[in-house]
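Chemist: One structure follows; several queries about it will come next.
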């Protein structure tokens with residue numbers, strides 16, 4: 001403990017030098033600005049700006065890239081809240097209540113809560129990262145394909161169970177998403193599935209076009225032609241900050257989101273996306289006012305935003321402790337480390353303590369910079385809502401098309417966005433929720449691969465899922481959720497029998 | 001017909017089509033799943049959910065009660081997006097976006113010329129400058145170099 005604190009002091013000595021601090025600030029600022037552009041998430045942001053760090057020393061480069069990562073994560077939530085355009089899958093849940101809050105004139109509080117939630121989650125999870133990195137990394141490595149499959153299945157069940165509508169509809173939408181996720185090259189056999197000659201579909205359907213279509217475009221199609229277009233919102237200064245009640249509604253979800261995000265984030269793979277869905281679902285289930293979810297519930301912004309940021313730090317655990325990149329962004333940071341002559345892995349702490357602890361300390365500092373930077377920007381961003389909707393939506397539309405195209409420089413993605421926009425429009429008309437489609441799409445390739453890898457490991461025996469402790473625990477939790485979802489149906493049947501019973 | 005019944009039938013049809021299309025790949029066995037295995041299992045689940053949604057959807061809203069009042073706008077916006085997807089690489093980013101913004105603002109929303117042209121310039125040329133010139137994201141220039 002004492003040694004850790006001494007090391008952290010060394011880290012702060014590095015992180016608080018003017019040069020490092022300056023690059024951290026630049027990273028956060030550029031990351032926020034890039035993240036605000038629809039469709040450009042943290043991965044695209046870091047990829048675009050990685051070459052800019054080549055001339056820097058390793059510490060400054062890493063601090064700047066981490067700043068870009070944090071900044072882009074936060075910037076992405078801005079477009080989710082103000083325009084209903086998620087820059088990546090992790091921002092999908094923020095869209096739902098964040099945008100609803102914005103339409104109710106509470107965009108300022110939504111952005112502030114997102115900023116504070118991100119700050120708390122980022123800071124707390126860095127503390128956890130500092131003390132728990134080695135044991136947690138060890139735990140994360142116990143996640144083989146069977147555990148991973150069980151976790152992903154549980155993620156889908158949690159989301160469907162916590163759906164405001166019926167579990168059945170949620171599962172149907174998740175199944176639809178899973179089918180979409182199976183388009184493209186089969187990773188085990190190399191077969192080209194359901195692509196119908198479109199080579200761009202080889203890598204599968206991207207999350208960004210689907211999410212932007214289902215959320216952003218569908219919203220425009222539904223809203224633009226309404227007899228009464230959404231009112232122009234002129235935020236006053238006092239409306240920019242959350243009320244006392246909103247703070248009260250936000251603080252517990254922030255802590256819960258932090259815990260959920262960090263724990264799920266340490267698991268290698270894109271499981272961190274699940275954290276925002278799980279956080280949202282849990283908040284809705286335990287809320288005293290679940291009917292407010294989808295209509296501007298503060299907890300619906302606070303929880304997923306915190307989970308998203310905590311998962312970010314969680315994702316650094318296997319990267320820093322073991323040199324194993326859990327998520328694509330961590331892989332990019334790992335590559336950046338190697339470019340700068342740093343060998344990541346367990347020996348990094350001993351070989352280059354200034355870099356390791358400087359990076360950890362800069363994460364604290366980066367969170368503070370991000371908060372200081374973003375709170376004043378809330379007032380600036382919110383002014384976007386002063387623009388009348390008939391003028392705003394063409395702007396949003398251009399941004400959506402641009403963002404979707406920019407990810408892969410592919411027109412096919414724009415067509416996919418268009419198709420998904422129509423699907424989202426019709427589904428919302430028919431009272432179906434679209435978020436499970438996005439989750440299904442993200443999870444499908446991983447679920448299928450982990451299922452088939454598990455069966456390959458066990459020579460075709462499904463018992464592998466119930467003989468490994470972590471896997472069996474996750475599956476039992478999933479089973480309990482299914483039983484809980486079926487409980488109303490069972491009790492209705494019992495009532496029917498009771499009515500027929502003869503009194504004795 | 002209720003909305004849930006319509007949705008149920010649609011889900012079943014999608015499941016059936018997926019199973020049909022999966023015939024092109026080896027199904028494998030339960031022990032050694034092939035590339036068609038997961039799509040068929042998920043499609044079967046989709047059919048199951050579709051049947052259940054249909055069966056339990058008798059009390060849902062009737063389809064006729066769903067308002068489609070905004071369809072003209074929706075079609076115009078959809079058309080603009082389709083034009084953008086068609087034109088991006090043929091006409092170039094700036095020209096395509098200029099047409100889209102002008103059409104939406106001046107024909108669909110009937111806004112004034114000054115606003116229409118100003119926003120068109122900002123959105124088509126301004127966004128090109130930010131992304132292509134500053135951020136080095138290659139945007140298509142099309143046949144006319146625009």
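No lab work stands behind these numbers, since they all come straight from the coordinates. Because the structure is a prediction, the values reported are computed rather than measured. Cβ atoms come from the backbone with ideal geometry, glycine included; neighbour counts cover every protein chain shown.
Chemist: Quick one: if you stick a label point 7 Å off each Cα along the C-beta vector at residue B:17 and residue B:86, how many nm between them?
Modeler: 2.2 nm
Chemist: Using only the Cα atoms of the stretch A:176-267, build the gyration tensor, take square roots of its eigenvalues as a ≥ b ≥ c, and label the shape rounded, prolate or oblate: rounded if a/c is under 1.5, else prolate if a/b is larger than b/c, else oblate. Walk me through the intermediate numbers first.
Modeler: Details: a/c = 4.35, a/b = 1.53, b/c = 2.85.
Oblate.
Chemist: Now a separate question. Can you tell me the 0 to 90 degree angle between the C-alpha axis of helix B:37-55 and the longest principal axis of chain B, rounded to 10?
Modeler: For B:37-55 against chain B, the angle is about 80 degrees.
Chemist: Mind jotting down the distance between the C-alpha centroids of the stretch B:1-36 and the stretch B:108-123, whole Å?
Modeler: 46 Å
Chemist: Can you pull the one-decimal nm distance between simple spin-label points at residue A:480 and residue A:189, each 7 Å off the Cα toward Cβ?
Modeler: Taking the two extended label points, one gets 3.8 nm.
Chemist: Sticking with this one: Pop the C-beta distance of residue B:130 and residue B:68 into the FRET formula with R0 = 45 Å and round what comes out to the nearest 0.05. Walk me through the intermediate numbers first.
Modeler: Details: r = 37 Å, r/R0 = 0.82.
Given R0 = 45 Å and the Cβ-Cβ separation, E is 0.75.
Chemist: How many partner chain Cβ atoms sit within 10 Å of a residue's Cβ in peptide A:244-255, on average, as a whole number?
Modeler: Numbers: counts 0, 0, 0, 0, 0, 0, 0, 0, 0, 0, 0, 0.
Rounded to a whole number, the mean comes out at 0.
Chemist: While we're looking at this one, here's another question. Given the rule -39500 (n - 2.57) for each run of at least 4 DSSP H residues, summed and divided by the residues of chain A, what is its mean residue ellipticity at 222 nm, to the nearest 500 deg cm²/dmol? Intermediate values should be presented prior to the final figure.
Modeler: Values: 21 runs with 362 residues, N = 504.
Mean residue ellipticity at 222 nm (helix-derived): -24000 deg cm²/dmol.
Chemist: So what is the calculated 222 nm ellipticity per residue for chain B, using -39500 (n - 2.57) for each DSSP H run with n of 4 or more, over all residues, to the nearest 500 deg cm²/dmol?
Modeler: Numbers: 5 runs with 77 residues, N = 146.
After summing the helix terms and dividing by residue count, I get -17500 deg cm²/dmol.
Chemist: Sort A:276-284, A:148-156 for me by packing, meaning the mean count of neighbouring Cβ atoms within 10 Å per residue, highest on top. If you can, show how the numbers build up before the last one.
Modeler: Details: A:276-284: 26.8, A:148-156: 23.4.
Taking the mean over residues of other Cβ atoms within 10 Å, the ranking is A:276-284, A:148-156.
Chemist: A further question on this structure: Which shape class applies to chain B: rounded if a/c is under 1.5, otherwise prolate when a/b exceeds b/c and oblate if not, where a ≥ b ≥ c are the square roots of the Cα gyration tensor eigenvalues?
Modeler: Taking the square roots of the gyration eigenvalues as a ≥ b ≥ c, chain B is oblate.
Chemist: Here's a follow-up. Rank-order A:376-382, B:42-48 by packing density, defined as the average count of other C-beta atoms within 10 Å over each peptide's residues, highest first.
Modeler: Details: A:376-382: 16.6, B:42-48: 20.9.
The densest-packed peptide leads the list: B:42-48, A:376-382.
Chemist: First measure r as the distance between the Cβ atoms of residue A:252 and residue A:470, then evaluate 1/(1 + (r/R0)^6) with R0 = 30 Å and state the FRET efficiency to the nearest 0.05.
Modeler: Numbers: r = 28 Å, r/R0 = 0.92.
Computed FRET efficiency for residue A:252 and residue A:470 comes out at 0.60.
Chemist: Report, in degrees rounded to the nearest 10, the 0 to 90 angle that the Cα long axis of helix B:93-102 makes with the longest principal axis of chain B.
Modeler: For helix B:93-102, the angle is close to 90 degrees.
Chemist: If you don't mind, another one. So for the pair residue A:289, residue A:226, with labels modelled 7 Å out along Cα→Cβ, what separation do we get in nm?
Modeler: 2.0 nm
Chemist: While we're here: For the protein assembly as shown, rounded, prolate or oblate, judged on the Cα gyration tensor with a ≥ b ≥ c (square roots of eigenvalues), a/c < 1.5 rounded, else prolate if a/b > b/c?
Modeler: Working: a/c = 1.39, a/b = 1.07, b/c = 1.30.
Verdict is rounded for the protein assembly as shown.
Chemist: Moving on to the next point. Express in whole angstrom the spacing between the alpha-carbon centres of the stretch A:384-428 and the stretch A:68-135.
Modeler: Each part reduced to its Cα centre gives a spacing of 21 Å.
Chemist: Still on this model: How big is the Cα convex hull of the stretch B:71-134 in projection, averaged over all directions, in nm²? Write down the numbers at each step before the final one.
Modeler: On the way: hull surface 16.9 nm².
About 4.2 nm², averaged over all directions.
Chemist: Looking only at the stretch A:347-384, which residues have a backbone nitrogen under 11 Å from a spot 7 Å from the Cα of residue B:122 in the C-beta direction?
Modeler: Only A:384 pass the distance filter.
Chemist: Still on this model: Against the globular-protein guess of 2.2 N^0.38 Å, express the Cα radius of gyration of the stretch B:3-65 as a ratio, rounded to two decimals. Please report the intermediate quantities before stating the final value.
Modeler: On the way: Rg = 14.5 Å, N = 63, 2.2 N^0.38 = 10.6 Å.
Its radius of gyration relative to the 2.2 N^0.38 Å reference: 1.36.
Chemist: Highest mean first, how do A:364-371, A:78-85, A:245-252 rank when packing is the count of other Cβ atoms within 10 Å averaged over residues? Each step should come with its number before you reach the end.
Modeler: On the way: A:364-371: 22.1, A:78-85: 28.4, A:245-252: 17.2.
Sorting A:364-371, A:78-85, A:245-252 by mean packing, highest first, produces A:78-85, A:364-371, A:245-252.
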